[in-house]
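Below is one structure; the comments refer to it alone.
The values are calculated or read from the model by the stated rules, or taken from the named source; none is laboratory data. Bear in mind the structure is a predicted one, so any value in this text is a computation, not a measurement. We place every Cβ from the backbone using ideal geometry, glycine too, and count neighbours over all the protein chains shown.
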């Protein structure tokens with residue numbers, strides 16, 4: 001019979017996801033990282049959340065910095081409320097005790113304060129100073145062990161903060177139940193914060209490095225999507241059926257429409273009409289089957305105007321709750337933050353039709369491009385599991401030419417339906433062409449069709465008969481006969 005460990009919820013949603021529910025209650029953890037990595041913010045955010053949920057916290061500092069100065073910095077963050085300090089949340093400075101009397105005296109002081117405060121969480125900031133005060137590794141081990149023992153007896157969880165990067169063989173590392181490491185990495189001129197669970201004794205956790213950031217709300221953690229959803233969180237209804245593409249002539253080419261809860265990728269150069277097809281797809285949204293446009297390049301008002309030019313009244317659809325336009329400028333941001341936000345938006349409105357315009361924005365935010373295939377696979381898999389029909393766009397680099405660039409090397413694991421859109425030069429006229437390259441588990445017309453976008457909407461017509469070379473963008477009329 002599996003025994004469930006009691007958890008102390010951190011209140012930092014992404015961190016709780018990494019820890020599979022939170023810290024193990026009564027366990028000891030090291031939080032390590034260089035100066036400025038966010039250790040103090042993480043610990044105090046966790047502490048404030050613990051107090052708000054009814055816990056009692058003791059924060060002990062082994063630093064020369066005054067608590068008044070600490071409160072000034074914490075006061076700039078939303079999670080910190082000075083009113084919490086005093087009863088359920090006590091701060092004590094053990095720096096002078098450490099300097100004058102040594103490690104044993106610090107242990108005695110903290111033991112007394114834990115008992116007096118009835119603390120359920122102990123934060124010790126400045127463990128590096130304690131390590132420097134120890135005469136040898138055994139003294140450090142005894143210090144950590146004594147703190148652990150007293151805290152565990154009192155049912156108190158311990159966080160030890162240090163700016164030293166402790167290796168696996170260090171005395172502290174071997175004594176604690178978990179090690180949380182914070183870091184920062186330069187990607188071009190961008191600084192990206194990260195968090196890694198280097199040790200989690202007796203507890204499942206999401207391994208590897210994950211992105212995080214610090215803003216006015218405090219620390220926010222974004223687990224790697226492919227680790228969070230290594231298996232979809234839901235099973236989906238698996239109900240067969242078809243959904244309209246929003247373009248009747250395209251539905252005819254697809255033998256009745258797109259498969260429900262499938263993922264369709266539109267590939268083509270800039271200006272070919274990918275966004276317009278996405279808007280047509282969303283025009284079929286209803287209050288029972290809401291739609292979400294998750295875009296990066298065109299703000300909502302421009303999309304409304306573009307939709308109106310095609311005959312779609314997006315403003316009315318938004319007012320009745322059948323459509324939402326979510327614009328995400330991509331000047332800054334984190335890949336997994338973006339993925340998490342998309343899934344949050346889908347859940348918030350119960351979206352069943354989603355257009356992501358375009359995948360290139362995700363690619364530009366990726367610190368490690370080799371991750372993209374796994375990221376897209378997890379994202380689309382999770383959307384399928386929520387019975388969402390998805391339309392993705394990908395902008396190809398070349399307007400003309402035989403080369404076709406793809407967003408990931410293994411498209412079969414990501415998309416169910418693949419459509420190629422090209423500009424075609426034929427008889428000194430530039431025309432739009434759409435060809436369905438792949439439809440999973442369904443029939444479709446394989447011949448290229450001309451795409452017409454005008455004031456009467458979007459339509460597809462069989463064309464280019466007797467011509468070849470359309471997929472390269474330069475058609476050649478074949479001699480008759």
Notebook entry, point to check: Can you tell which of 201, 220 is at pLDDT 95 or above, under 30 Å from residue 47 (Cβ atoms) and in contact with a strand residue (DSSP E or B) (Cβ under 7 Å, 6 or more places away or on another chain)?
Noted result: 220
Margin query: Only one of 126, 178 is on the phi > 0 side of the Ramachandran plot, within 33 Å of the chain's Cα centre (by Cα), modelled with pLDDT of 85 or more and in the same structural domain as residue 17 (by TED's automatic domain parsing). Can you tell me which?
Written below: 126
Note to self: Which of the helices (runs of 4 or more DSSP H) found entirely inside the range 163-254 contain at least 3 residues meeting this: farther than 30 Å from residue 139 by Cβ and touching a helix residue (DSSP H, G or I) at 6+ places or on another chain (Cβ under 8 Å)?
What the structure shows: 225-228
Check: Among the residues of the range 41-54, which ones are touching a residue at least 24 places away in the same chain (Cβ under 8 Å) and out of contact with any strand residue (DSSP E or B) (no Cβ under 6 Å at 6 or more places or on another chain)?
Finding: 44, 46, 48, 49, 52, 53
Notebook entry, point to check: Say we look at the range 445-468 and pick out the residues that are loosely packed, with under 15 Cβ neighbours inside 10 Å and in contact with a strand residue (DSSP E or B) (Cβ under 9 Å, 6 or more places away or on another chain); which of these is nearest to residue 272 (Cα to Cα)?
Noted result: 461
Checklist line | Every residue from the range 1-14 that is buried (at least 22 other Cβ atoms within 10 Å of the Cβ) and assigned to a helix (DSSP H, G or I) | finding: 14
Margin query: Given the condition crowded, with 18+ Cβ neighbours inside 10 Å, over 30 Å from residue 452 (Cα atoms) and at pLDDT below 95, answer yes or no: does some residue in the range 344-360 qualify?
Written below: no
Next item on the list: Could you grab me the full set of residues in the range 57-79 that are under 20 Å from residue 214 (Cβ atoms), in contact with a strand residue (DSSP E or B) (Cβ under 8 Å, 6 or more places away or on another chain) and without any contact (Cβ under 8 Å) to a residue 40 or more places away in the chain?
Entry: 70, 71
Notebook entry, point to check: So residue 307 fits all but one of (1) under 15 Å from residue 458 (Cβ atoms); (2) buried (at least 21 other Cβ atoms within 10 Å of the Cβ); (3) touching a strand residue (DSSP E or B) at 6+ places or on another chain (Cβ under 9 Å); what number is the exception?
Noted result: (3)
Notebook entry, point to check: Only one residue in 354, 346, 390 is assigned to a helix (DSSP H, G or I) and within 24 Å of residue 418 (Cα to Cα). Which one?
Noted result: 346
Check: Can you tell which of 144, 158 is more than 23 Å from residue 36 (Cα to Cα), in contact (Cβ under 8 Å) with a residue 60 or more places away in the chain and touching a helix residue (DSSP H, G or I) at 6+ places or on another chain (Cβ under 7 Å)?
Finding: 144
Checklist line | The listed residue being under 30 Å from residue 13 (Cα atoms), buried (at least 23 other Cβ atoms within 10 Å of the Cβ) and in contact with a strand residue (DSSP E or B) (Cβ under 7 Å, 6 or more places away or on another chain), out of 292, 265 | finding: 292
Item checked: Residue, farthest from residue 396 (Cα to Cα), within the range 427-477, restricted to residues that are at pLDDT below 85 and touching a helix residue (DSSP H, G or I) at 6+ places or on another chain (Cβ under 8 Å) -> 455
Checklist line | Residue list for the range 15-36, filter: part of a helix (DSSP H, G or I) and surrounded by 23 or more Cβ atoms within 10 Å (Cβ to Cβ) | finding: 15, 18
Next item on the list: Among the helices (runs of 4 or more DSSP H) lying completely within the range 266-320, list those that include at least 1 residues that are under 15 Å from residue 353 (Cα atoms).
Entry: 274-283, 314-319
